[in-house]
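One structure is given here, and the rest of the page talks about it.
The values are calculated or read from the model by the stated rules, or taken from the named source; none is laboratory data. Since we're looking at a predicted model, the values are computed, not measured. Here the Cβ is made from the backbone with ideal geometry for all residues, glycine too, and neighbour counts use every protein chain on show.
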Amino acid sequence: MHSPDRRRQAETLLASGLSLSACARLSGVARSTLRTWRDTSPTPRGLECPRCSDAPLVPEVYAALLGYYLGDGCVSTARRCFALRISCDIAYPEIIVDVRRLLETTHPSAATHLVRAPGCVVVQKAWKHWPCLLPQHGPGPKHSRPIVLEDWQRTILESHPAPFLRGLFHSDGSRVSNRVRRMVAGRMKYYVYPRWQFTNYSDDIRELCCWALDLVDVPWRQSNRHHISVSTRAGVARLDELIGLKQ
């Protein structure tokens, strides 16, 4: 007779898409028992997909997660499931914490893994329903294929553009100090001012960034083919307020 905690652990492993043999090795429960639980038990709370059932989807959490995914995320195929992986610069530990919180809020019943890589930490979680929530996934780099929002996604972002911008700028953006020099009254003077810059090779993702900036009345300009800049003093202050600094 297995304890309720052991059964919950085993059901979580099963729901993550692992094979019966793998779940048996990890949980210490016989394959025949796992098969019975899998075929007769209802889906444990927290494993339901908001797109496939009436499970709740926190819109501001989803908006930020979508931004991080479009910036530095990918959905990979694993055996019987999918893995969402978001790469985070190791220099910004609070962003790593933010991404982990977003994944755990969206899918609370499965383990979140932090994988060290050169210069970064990859925050990842397995779930068979990631393609339901992130229909923009596909083979190859995101800039090599169309990135088009579905109507339900656009509705969420229209109501919550700030979290979406946080995900975009905290993954593929930077806040830098511009140094310029100008001749004033016959003397060269130097000025330093902050600027936010978003860099992405996908035309569609850059357009989504500009669309979201327009929703929150932050002026922007395209400084070159792959870069969107927020340079005015008021615009930088407004974006600082909406998304916070990268930390």
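Per-residue answers, yes or no, for (1) among the hydroxyl-bearing types (Ser, Thr, Tyr); (2) assigned by TED's automatic domain parsing to the domain that holds Val123:
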{"position": "Gly140", "(1), (2)": "no, yes"}
{"position": "Thr155", "(1), (2)": "yes, no"}
{"position": "Ser174", "(1), (2)": "yes, no"}
{"position": "Arg181", "(1), (2)": "no, no"}
Legend entry - Matching residues in region 197-229 - criterion: being assigned to a loop (DSSP other than H, G, I, E, B) and touching a residue at least 24 places away in the same chain (Cβ under 8 Å): Asn200, Tyr201, Ser202, Val216, Val218, His226
Inset, instruction - Could you figure out which of (1) in contact with an Asp or Glu (Cβ under 6 Å, 6 or more places away or on another chain); (2) farther than 30 Å from Gly140 by Cα isn't true of Thr199? - result: (2)
Inset, instruction - Name every residue in region 164-196 that is assigned to a helix (DSSP H, G or I) and under 16 Å from Val236 (Cα atoms), in order of residue number. - result: Leu165, Arg166, Leu168, Phe169, His170
Legend entry - Residue satisfying condition, being within 17 Å of the chain's Cα centre (by Cα), closer than 30 Å to Gly173 by Cβ and at pLDDT below 85, within set Ala78, Ala110: Ala110
Inset, instruction - Kindly state which strands (runs of 3 or more DSSP E) lie completely within region 78-130 and contain at least 3 residues that are in contact with a strand residue (DSSP E or B) (Cβ under 6 Å, 6 or more places away or on another chain) and surrounded by fewer than 16 Cβ atoms within 10 Å (Cβ to Cβ). - result: 113-117
Inset, instruction - Would you confirm whether any residue within region 33-43 is at pLDDT 85 or above, more than 27 Å from Val122 (Cα to Cα) and not assigned by TED's automatic domain parsing to the domain that holds Thr106? - result: yes
Inset, instruction - Look at Val192 and say whether it is exposed (fewer than 14 other Cβ atoms within 10 Å of the Cβ), at pLDDT below 95 and either in contact with a helix residue (DSSP H, G or I) (Cβ under 6 Å, 6 or more places away or on another chain) or under 17 Å from Gly244 (Cα atoms) (or both). - result: no
